[in-house]
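Peer 1: Sharing a structure, written as structure tokens. Questions coming.
Just so it is clear, none of the values below were taken in a lab; they were calculated from the coordinates. Since this is a predicted model, take the numbers as computed values, not measurements. Counting neighbours? That spans all protein chains shown, and the Cβs are built from the backbone with ideal geometry, glycine included.
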Amino acid sequence: MSTNTVVSNLDARGFSLPPNIGKIIRTMLTYGVLILFALAMIMPFVYAVTNSFKELPDIAANPMRLTPGIRADGTPYNWTTIGYDRALNNQQINFPRAIFNSFFVAVVVTIMRVIFNSMAGYALARIRFPGRGAAFAALVGTLMVPGIVLLIPRYLVLSQLGWIDTYWALLVPYFADAFGIFLMKQFFESIPREIEEAAEIDGASRFRMFFVIILPMAIPALTAMAIFAFQGTWNDFQGPLIALNLNRELYTLPLALAFLRGVTGDAIQWDLMLAGSVITTLPMAVIFFIFQRFFIEGVSYTGVKG
Amino acid sequence: MNKTFRFLTLAIVIALIAVAAAPNARAAQTVNLVLMGWSSSPSENERLQKIVDDWNAANADIQVTLNQVPDYDTTLQKSLAGGEPPDVFYVDSFRFLDLVRADALMPVGEMLTNADDFYPSLRDAFTTNGQFYCPPKDFSTLALQINTEMFEAAGLSAPTTWEEMRAAAEALTKDGVYGAVVPADFARWVAFLYAAGGSVTNDDFTEMTINSPEAAAALKFYTDLYLDGFAKTPADLGVGWPGEAFGKGLVAMSFEGNWIEPYLKDQFPDLKHMAVEMPAGPGGKATMAFTVCYAVPMKAKNPEAAVKFVDYLTGAEGMKAWTDLGLAMPTRASLREGWLAQFPNLEPYLNGAEYARKWQFVPGFQAVLDKVNEQLSLVMGENQTVNGALSEIETIGAEVLASR
């Protein structure tokens, strides 16, 4: 910077800063804080991934290193995939099958919830039938019941149906959920009635009107619900725990991970656990990156989009 | 048409009867049992599966399915509530009285071969009202881990008494290393309580006896290690548990069970260390026995078969196959010598069986344990006196015992 520039910037008080330095400082501060928080959020994942490729003594000795460390005798540790090998080729747990199970259950449950929740939400929002108020009140009421209370009753129902250790028990009870119905009902109420009236005059049946006209308008709400459904099902531990007894082939990833961890107290086998965790987390991360745009739109859905 | 219909009906009825009868005919010959336990480390899971497979190969009439589960407590609760408990399942000594009170266990201990061979301290952990309910499958005890490199450098030998241990802790606290790691954890401190000659309750759990001069001595000794600067808690050292602090060489001594051995071997292979018996206090030697039994439920469908299988698992042959892994220890005194020949370095843990106390309290006692942990922290933070802590613990304990 030349002296001339500085001189030309002097104001009446005889000194000044370059015109945009305040802005630069503000920007730097903003980004500094943002980067700091982004690192705080990302680093745990980075450590999980890098440590999952390290040898067990290396993880124990240098957990905060991003690359393999040095042994006490000066020789370096190596990168390794032994944790993944131990997780994927476990004799007790069919981990690849668990990955499939998790996908299968999450996809089926998500699709079914999109269908059933939107139909139920529409009925509660638009169709007048006796007991509608009571049905809605009961629905919202179930949101208040803590899940743990229903643990044993749910098991008893499933065992009466003979569904224990089958896919049915992992799927059917989750085909609709109160929160999703509630979300959809609120959304449908925000759609002007005139649109339906117009369709009705044109002679569309209730179903046709719902699927052809109303549902496409509900895509933001449906996306939000589908995300909640997929992620909730993917991470669910208690549901599959109750539904399965002897059939370890149907374990989903959270159960498989808990099984791998076992009752080893504090002496956790980090290579195995981190590899298992990465395998469990990775599909969700990949899906997030692919559908990022929809996710943001769906999550920021606030209701009325007319 | 009508004839065909009648014929079809008949065929279907015959087929149904055949289908319905077939499993019954087979059930008369083969009994199917389920053994439920928690998932442990992969090597332990695989070993137990092999033992069960060997049993199945040799016993066509009793076929066992091994069900190792995550989140064991929830699963067991679910199975018991559902009215179809597994035929054999693990019971931790800590949960034993809960389950006996719920009438969930069948007393089968005396039906086993040579039941007197089990160590008395472990039998006792599964005995109530004079009934030996279920045989201990294995056990662990606490011992003192010492970092031999540090001890040799300082010219010290392994401590055998509290005084020696305190002196060693003082001598080894230097260069950023501390003498010992003392967690604010009842499960560690309680060994000191017993070594001081103190106790938590009387033998039949009707009265708290923890507010005693012996307990005060134990609490003072344990917390003084910390307050005098010779010891740190795992949190102070930035580690998750005492074993990690010991493995990383941040401390010279740690009080842990034999589960620390495979951990140190896998994760800190270069560490030079050894286990010695817990140092004797004013009341002599003491350690804790953490043990689990193979229980048969009160509602067992095939109690004879279940007992026969349990007898194999805890008998000389089955228990040898299980404990030869070198992790948990055999509960039969007759297996002691053969086991020690293979794992001489684990002798201090096994010796503990002679003077170990059972890890067992009455239902609801978790509240007392939590209180002890809290008071240990407070005393270490100089926010509570030794006697104040003991009387707080006594108060809450008396409430728990009175509410039974």
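Peer 1: How charged is the neighbourhood of B:ALA328? Take every other residue with its Cβ under 9 Å from the Cβ of B:ALA328, and add Lys/Arg as +1 and Asp/Glu as -1.
Peer 2: -1
Peer 1: When DSSP assigns beta bridges and you keep just the ones with both residues in the protein assembly as shown, what percent turn out antiparallel, to the nearest 5?
Peer 2: Values: 28 of 46 bridges.
Antiparallel bridges make up about 60 percent of those DSSP assigns within the protein assembly as shown.
Peer 1: Report the Stokes-Einstein translational diffusion coefficient (µm² s⁻¹, integer) for the protein assembly as shown, Rh taken as the Kirkwood radius over Cα pairs, at 20 °C with viscosity 1.002 mPa s.
Peer 2: Working: Rh = 30.3 Å.
Reported coefficient: 71 µm²/s.
Peer 1: Residues of B:229-241, mean number of Cβ from any other protein chain within 10 Å of their own Cβ, rounded to a whole number?
Peer 2: On the way: counts 0, 0, 0, 0, 0, 1, 0, 0, 0, 0, 1, 2, 4.
Taking all residues of B:229-241 together, the mean is 1.
Peer 1: Mind checking B:80-87 for the average number of partner chain beta-carbons within 10 Å of each residue's beta-carbon? Write down the numbers at each step before the final one.
Peer 2: Values: counts 1, 5, 8, 2, 3, 0, 2, 0.
What the average comes to for B:80-87 is 3.
Peer 1: Let me ask something else about it. Please list, or write none, the aspartates and glutamates whose alpha carbon is within less than 17 Å of the alpha carbon of B:LYS299, excluding same-chain residues fewer than 8 places away.
Peer 2: Of all the aspartates and glutamates, those that pass the test against B:LYS299 - Cα under 17 Å, at least 8 places apart if same chain - are B:GLU84, B:ASP87, B:ASP98, B:ASP103.
Peer 1: Most mobile of B:GLU84, B:GLU170, B:GLU277 per a Gaussian network model of chain B (Cα springs, under 10 Å)?
Peer 2: In the Gaussian network model the winner is B:GLU84.
Peer 1: Compute a Gaussian network model of chain B, connecting alpha carbons closer than 10 Å, and tell me which residue from B:VAL88, B:VAL296, B:VAL34 fluctuates the most.
Peer 2: B:VAL34
Peer 1: A follow-up question, please. Other chains' Cβ within 10 Å of B:253-261 residues: what's the mean? Provide the component values of the computation, followed by the final result.
Peer 2: Values: counts 0, 0, 0, 3, 1, 0, 4, 3, 1.
Partner Cβ neighbours, averaged per residue: 1.
Peer 1: Right, here's the next one. Of B:LYS220/B:LYS285; B:LYS232/B:LYS371; B:LYS174/B:LYS272; B:LYS174/B:LYS232; A:LYS54/B:LYS320; A:LYS54/B:LYS248, which ones are farther than 23 Å apart at the Cα?
Peer 2: Numbers: B:LYS220/B:LYS285 18 Å; B:LYS232/B:LYS371 20 Å; B:LYS174/B:LYS272 19 Å; B:LYS174/B:LYS232 13 Å; A:LYS54/B:LYS320 35 Å; A:LYS54/B:LYS248 17 Å.
A:LYS54/B:LYS320, as the Cα separations exceed 23 Å there.
Peer 1: Return A:ILE191, A:ILE21, A:ILE93 ranked ascending by Cβ neighbour count within 10 Å, so the fewest neighbours appear first. Walk me through the numbers on the way to the answer.
Peer 2: Details: A:ILE191 19, A:ILE21 10, A:ILE93 25.
Ranking A:ILE191, A:ILE21, A:ILE93 by Cβ neighbours within 10 Å, fewest first, gives A:ILE21, A:ILE191, A:ILE93.
Peer 1: Picking from A:MET225, A:MET43, A:MET112, which is most flexible by a Gaussian network model of chain A using Cα springs under 10 Å?
Peer 2: Most flexible of the set in this elastic network: A:MET43.
Peer 1: By count of other Cβ within 10 Å, fewest leading, how are A:LEU143, B:LEU250 ordered? Walk me through the numbers on the way to the answer.
Peer 2: Values: A:LEU143 11, B:LEU250 21.
Fewest-to-most ranking of A:LEU143, B:LEU250: A:LEU143, B:LEU250.
Peer 1: Rounded, prolate or oblate: which fits chain A when a ≥ b ≥ c are the square roots of the eigenvalues of the alpha-carbon gyration tensor, with rounded for a/c under 1.5 and prolate only if a/b beats b/c?
Peer 2: Working: a/c = 2.94, a/b = 1.15, b/c = 2.57.
Since a/c reaches 1.5 but b/c is at least a/b, the shape of chain A is classed as oblate.
Peer 1: What is the set of long-range amide H partners of B:VAL34 at a cut-off below 5 Å, with H atoms built 1.01 Å from backbone N?
Peer 2: Counting only residues 5 or more places away or on other chains, the set is B:THR65, B:ASP87, B:VAL88.
Peer 1: With each run of n ≥ 4 DSSP H residues scored as -39500 (n - 2.57), what mean residue ellipticity at 222 nm is computed for chain A after dividing by its residue count and rounding to the nearest 500 deg cm²/dmol? Display every interim value, and only then the final one.
Peer 2: On the way: 15 runs with 192 residues, N = 306.
Result for chain A: -20000 deg cm²/dmol, rounded to the nearest 500.
Peer 1: What ranking of A:ILE181, A:ILE70, B:ILE393 emerges when the number of other C-beta atoms within 10 Å of each C-beta is taken as an exposure proxy, fewest first?
Peer 2: On the way: A:ILE181 27, A:ILE70 13, B:ILE393 24.
By the 10 Å Cβ count, ascending: A:ILE70, B:ILE393, A:ILE181.
Peer 1: Net charge around B:GLY397, counting only other residues with Cβ within less than 10 Å of its Cβ (Lys, Arg = +1; Asp, Glu = -1)? Working shown, then result.
Peer 2: Values: positive: B:LYS371; negative: B:GLU207, B:GLU392, B:GLU394, B:GLU399.
Once all neighbours under 10 Å are counted, the net charge is -3.
Peer 1: A further question follows. Restricting to DSSP H runs of at least four residues, report the calculated mean residue ellipticity at 222 nm for chain B, -39500 (n - 2.57) per run over all residues, nearest 500 deg cm²/dmol. Don't skip to the answer; put the middle values down first.
Peer 2: Numbers: 17 runs with 188 residues, N = 404.
One gets -14000 deg cm²/dmol as the mean residue ellipticity at 222 nm.
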